[in-house]
Amino acid sequence: MSRILVKSFLAILLAIFLIIGYNYLKDGKHLPIRTVNISGQLTYLQPDTVQALLEPFVKQSFFTVNVQGVQKALDTQPWVASVQVGRVWPDTLSVRLQEHVPIAYWGAEQLLSIEGVLFAPDVLPALPLVQLAGPDEQVHTVLMMLQEMNQSLQPLNVKVGSLQLNERRAWQAELTNGVKVYMGSVDMIPRLQRFVASYPNDFENNADAISYVDLRYTNGFVVAND
């Protein structure tokens with residue numbers, strides 16, 4: 001038998017063994033996934049939901065389980081910030097989940113995470129968070145304004161309870177003491193600081209009666225009482 005025929009025969013034989021081996025390993029009955037190790041602190045993502053998403057994949061074998069498929073399936077969940085999936089010999093699928101940490105409500109249907117990511121859970125949880133609103137592409141601008149306002153309001157011992165940037169790029173807020181603040185679209189922080197500076201002498205004794213403060217004036221502001 002010539003060397004060419006021998007090599008061809010061996011190549012065919014190797015291919016047959018590879019096909020048989022692949023089909024053997026692909027069968028979930030051989031080297032099945034017996035353990036799914038889910039790690040990460042889950043506060044809002046329900047374990048039953050995770051298990052249901054993983055069920056179609058754990059029926060596969062250790063070598064053929066679709067790791068990328070598992071990751072994509074979990075990434076569809078609104079609360080999932082990141083997911084890492086891997087195999088651990090001989091029969092374990094390891095899944096590490098990290099949830100979004102919400103820091104604010106955004107509009108009527110979304111939450112804002114600590115990473116500055118907007119996401120929309122199926123059900124909004126009741127949490128003691130500030131209410132923010134504005135165009136989605138302006139989320140970082142709104143966050144910056146929130147931080148600057150809270151810093152300016154420290155002498156009054158109040159914070160922003162809600163903050164909105166409307167379609168005309170004008171700002172409106174409500175403080176945690178119920179006072180509404182209209183700030184307009186220019187020089188918002190300097191005007192707020194001017195009000196804060198005058199508050200102890202002019203308004204502190206009548207603070208509970210203040211309904212709103214209108215800062216949309218160049219040289220002053222309007223304070224309305226109930």
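No lab work stands behind these numbers, since they all come straight from the coordinates. Computed from a prediction, not measured in an experiment: that's the story for all the values here. Note that we place each Cβ from the backbone using ideal geometry, even for glycine, and neighbour counts take in every protein chain shown.
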Problem - Projected label distance in nm at Ser185 and Asn201, using a 7 Å step from Cα toward the beta-carbon - result: 3.4
Completion exercise
In the list [x] 18.3; [y] 20.6; [z] 22.4, the entry giving Kirkwood radius over Cα pairs in Å computed from the coordinates is [z]
Exercise for the section: Please report Arg34, Arg194 as a ranked list, fewest other C-beta atoms within 10 angstrom at the top and most at the bottom. Expected result: Arg34, Arg194
Problem - Residues Ser162, Ser39 arranged by fewest to most Cβ contacts within 10 Å - result: Ser39, Ser162
Problem - Cut-off 11 Å between beta-carbons: net charge of the residues surrounding Phe221, Lys and Arg +1, Asp and Glu -1 - result: +1
Handout entry: Between 0 and 90°, nearest 10: helix 188-202 axis offset from the chain longest Cα axis
Key = 50
Fill in the blank from the handout: In order over region 115-131: 3J(HN,Hα) from phi, Karplus 6.51/-1.76/1.60, θ = phi - 60°, whole Hz, x for each Gly or Pro, gives 8, x, 9, 8, 8, 10, x, 4, 10, 6, x, 7, 10, x, 10, 5, 9
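Tally the DSSP beta bridges in the chain and give the antiparallel ones as a percent, rounded to 5.
Details: 28 of 42 bridges.
Around 65 percent of the beta bridges assigned by DSSP in the chain are antiparallel ones.
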Handout entry: Karplus-derived HN-Hα couplings along region 45-53 (A = 6.51, B = -1.76, C = 1.60, θ = phi - 60°), whole Hz, x at Gly and Pro
Key = 7, 7, x, 4, 5, 4, 4, 5, 5
Completion exercise
Rounded to whole angstrom, the alpha-carbon centroid of region 120-172 lies from that of region 174-188 at a distance of 11
Practice task
Please turn the phi angles of region 80-88 into ³J(HN,Hα) values with the Karplus equation 6.51 cos²θ - 1.76 cosθ + 1.60 (θ = phi - 60°), one per residue in order, whole Hz, x for glycine and proline.
Solution key: 7, 8, 7, 9, 10, 10, x, 9, 10
Problem - Rounded FRET efficiency, nearest 0.05, which uses the C-beta distance separating Arg216 from Gln131 and R0 of 35 Å - result: 0.95
Problem - Taking Glu99, Glu167 and counting other C-beta atoms within 10 Å, the order from fewest to most - result: Glu167, Glu99
